[in-house]
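Participant: I'd like to ask some things about the structure below.
The values are calculated or read from the model by the stated rules, or taken from the named source; none is laboratory data. Note that this is a predicted model, so its numbers are computed, not measured. A quick note on method: Cβ atoms are made from the backbone with ideal geometry, for glycine too, and the neighbour counts reach across all protein chains shown.
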Amino acid sequence: MKKESVDFLVVGGGIAGYQAVLSLLPHGSVLLVSRGPLSSGSSYYAQGGLALPWGFGAEDCERHVQDTLRAGAGLCDEASVRILVGDGEKVWKGLLSIDVPFDQAPDGSFLTTREAAHSVPRIVHAGGDRTGFLILSALARKVSESSSFRFLSNYQICRIRKNRQGMVTGAIFLGETGHDLLEISAGATILSTGGGSSLFLRSTNPRLQRGDGVAVAARAGCEIERMAYYQFHPTVLDIPGQAPFLLTEAMRGEGARVINGQGRRFLFDYHPDGELAPRDVVSRALWLESKKHPEEGIFLSLTHFPKDRVAQRFPQVYRHCLELGLDLQTTPAPIRPAAHFQMGGIRTDMNGRTTLPGLFAIGEVASTRVHGANRLASNSLLEALVMGSRIVDAIDGGRRSSEEDHGESDESDQVFLPSVDIEEGWTRLRQILWDSAGIVRTLPLVKKGLLEICAMIDSGRPAPIEGARFALGNGLLVAKLILEDIQTAPVAGANYVVDEMPGLT
Ligand code: SIN
């Protein structure tokens, strides 16, 4: 096995990871290990923007806190939300200092938009609907100027490395061949591997967002929590044969309408705020409406927008739809919800500390409880940036030299790998999660799904790590954690469980 050593190891190359690198570079050498290019993570695709307590006064912050708490379905940790919002101005100034090209009006003022459940426009954006890509690119550009930064791509984390005292001392990775192992020892290990929404049949996330960070942390004995709390985005393009594609909530924030097959804005039947109701409410309403009128379809309509407005304001989404033969300026888009964001995950405090010393987690892989059971739109980029910055306060004092002998424990390199057919296993897993851990859940389906997932897991045996089978093992473990959590707390939060639902057993 190849071996390397570094002061700080960051696993995952999204906005949280790169922001952490930027914060840590003044304190030592940083190695960022990623599964693939920038486009392999969710940050790259973030369209809507970055939510900030715009104005940054005490009242602006309080409003942002209250909107976050309201959207979170009563399950946010208020003290954490106050920290999140309170750090907004600092991260905004940081982004301006690295020249992120946020959209501006002709007079030079920054443009802000609104999304659902925000009481005021407070979301800044870049390139219209390319905010994630432009923030990520600026961060990546900035950190690559430092000689203390190194980047390794095409490596998948497979095990957390611990010493005999239980201290995390780095991680072990699988290379591209799926067999070659690389061991990296580090003074601090930071997971920023993103969520697991791609484990669901329909997802807005890139394919590799399959919850690997949660799986390796769980195997290492780290506390995982709130895995039942998944967010489903309501307005996701639904064209047969095409991958789901997000139609940003900023469209609804700026007046787009959700209509049924009769052209009626039915969302007001479900919530007085209609299209601007919290995301979980809108997704559930779409789900229920499609059960009532399965043959009719549901659409997002922007055809009433002024001429050329859609193409100018949402250039990336407009172009993508046009390539699929859909002109959003003239034709309503067929939509159906898809899994979008993991609110639970590796339990951390507001400096990214997990329950294992030496291991930290930030961004979507972490559960800071700031989002409750339903994240307020565009608070995800805020969380990624705030936690990527705050990590430095936890780590700086505890940094150990990478030269130290970390005395690794004698854990086995064998892991329990499922023995089912890999392709069939993935198909089954995604369908099970979609059916049993989707927008509306019933306990009989949750139990049935869990039994099937456990049977696939139990079919396995200890074996040397091997890429494809290992990834499926991770997926099955995360699915199990999700279903077990639903079973434990079936009525909590935004993804509610019903006793029975016509058509569901
Ligand atoms: C969107 O643009 O609708 C997604 C933003 C988010 O997930 O908060």
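Participant: Would you be able to tell me the number of residues in the range 191-210 that are within 16 Å of the ligand (Cβ to nearest atom), surrounded by 24 or more Cβ atoms within 10 Å (Cβ to Cβ) and either more than 12 Å from the chain's Cα centre (by Cα) or β-branched (Val, Ile, Thr) (or both)?
Facilitator: Number satisfying all stated conditions: 2.
Participant: Please determine whether any residue of the range 376-388 is more than 17 Å from Ile15 (Cα to Cα), more than 16 Å from the ligand (Cβ to nearest atom), part of a loop (DSSP other than H, G, I, E, B) and of a type outside the set (Ser, Thr, Tyr).
Facilitator: There is no residue in the range 376-388 that is more than 17 Å from Ile15 (Cα to Cα), more than 16 Å from the ligand (Cβ to nearest atom), part of a loop (DSSP other than H, G, I, E, B) and of a type outside the set (Ser, Thr, Tyr).
Participant: Oh, and also: Being under 21 Å from Pro53 (Cα atoms), out of contact with any Lys or Arg (no Cβ under 8 Å at 6 or more places or on another chain) and away from the ligand (no atom under 16 Å from the Cβ) is the requirement here; does Phe110 meet it?
Facilitator: Spelling it out, Phe110 is indeed under 21 Å from Pro53 (Cα atoms), out of contact with any Lys or Arg (no Cβ under 8 Å at 6 or more places or on another chain) and away from the ligand (no atom under 16 Å from the Cβ).
Participant: So Leu286 passes all but one of these: (1) in a helix (DSSP H, G or I); (2) buried (at least 21 other Cβ atoms within 10 Å of the Cβ); (3) away from the ligand (no atom under 16 Å from the Cβ); (4) among the hydrophobic types (A, V, I, L, M, F, W, C). Which condition number does it fail?
Facilitator: (3)
Participant: Sticking with this one: Taking the range 304-320 on its own, how many of its residues are surrounded by 15 or more Cβ atoms within 10 Å (Cβ to Cβ), within 15 Å of the ligand (Cβ to nearest atom) and not β-branched (Val, Ile, Thr)?
Facilitator: Residues in the range 304-320 being surrounded by 15 or more Cβ atoms within 10 Å (Cβ to Cβ), within 15 Å of the ligand (Cβ to nearest atom) and not β-branched (Val, Ile, Thr): 5 in total.
Participant: Identify the single condition in (1) modelled with pLDDT under 95; (2) surrounded by 15 or more Cβ atoms within 10 Å (Cβ to Cβ); (3) over 28 Å from Gly72 (Cβ atoms) that Ser301 does not satisfy, given that it satisfies every other one.
Facilitator: Failing condition for Ser301: (1).
Participant: I've got another one for you. Filter the range 316-375 down to the residues that are among the basic types (Lys, Arg) and on the phi > 0 side of the Ramachandran plot and list them by number.
Facilitator: Arg369
Participant: What number of residues within the range 267-280 satisfy the criterion of being in contact (Cβ under 8 Å) with a residue 24 or more places away in the chain and either β-branched (Val, Ile, Thr) or not in a loop (DSSP other than H, G, I, E, B) (or both)?
Facilitator: 4
Participant: Would a scan of the range 155-175 turn up a residue that is under 21 Å from Leu381 (Cβ atoms), at pLDDT 95 or above and among the polar types (S, T, N, Q)?
Facilitator: No, there is no match, as no residue in the range 155-175 is under 21 Å from Leu381 (Cβ atoms), at pLDDT 95 or above and among the polar types (S, T, N, Q).
Participant: Can you report the number of residues in the range 377-393 which are among the β-branched types (Val, Ile, Thr) and closer than 22 Å to Asp67 by Cβ?
Facilitator: Within the range 377-393, residues that are among the β-branched types (Val, Ile, Thr) and closer than 22 Å to Asp67 by Cβ number 1.
Participant: Need at least 3 residues that are more than 30 Å from Ser148 (Cβ to Cβ) per element, so show me which helices (runs of 4 or more DSSP H) inside the range 28-128 make the cut, counting only ones lying wholly within it.
Facilitator: Filter on the range 28-128 gives 58-71, 78-86.
Participant: Output the residue which, of all residues in the range 330-357 that are surrounded by fewer than 18 Cβ atoms within 10 Å (Cβ to Cβ) and more than 14 Å from Thr235 (Cβ to Cβ), is farthest from the ligand (Cβ to nearest atom).
Facilitator: Pro357
Participant: Read through the list (1) within 25 Å of the chain's Cα centre (by Cα); (2) among the β-branched types (Val, Ile, Thr); (3) assigned to a loop (DSSP other than H, G, I, E, B), then give the number of the only condition that Val258 fails.
Facilitator: Answer for Val258: the failing condition is (3).
Participant: Can you pull out every residue in the range 174-190 that is crowded, with 24+ Cβ neighbours inside 10 Å, within 24 Å of the chain's Cα centre (by Cα) and of a type in the set (A, V, I, L, M, F, W, C)?
Facilitator: Ala188, Ile190
Participant: Moving on to the next point. Test Phe305 against the stated conditions and say whether it is in contact (Cβ under 8 Å) with a residue 24 or more places away in the chain, more than 21 Å from Gly438 (Cα to Cα) and not small (Gly, Ala, Ser).
Facilitator: yes
Participant: Specify the residue that is farthest from Val478 (Cα to Cα); the eligible residues are those in the range 211-248 that are within 16 Å of the ligand (Cβ to nearest atom) and in a strand (DSSP E or B).
Facilitator: Per the criteria, the residue is Leu237.
Participant: Identify, from the list Ala361, Ala339, the residue that is within 24 Å of Lys90 (Cβ to Cβ) and at pLDDT 95 or above.
Facilitator: When all the criteria are applied, what remains is Ala361.
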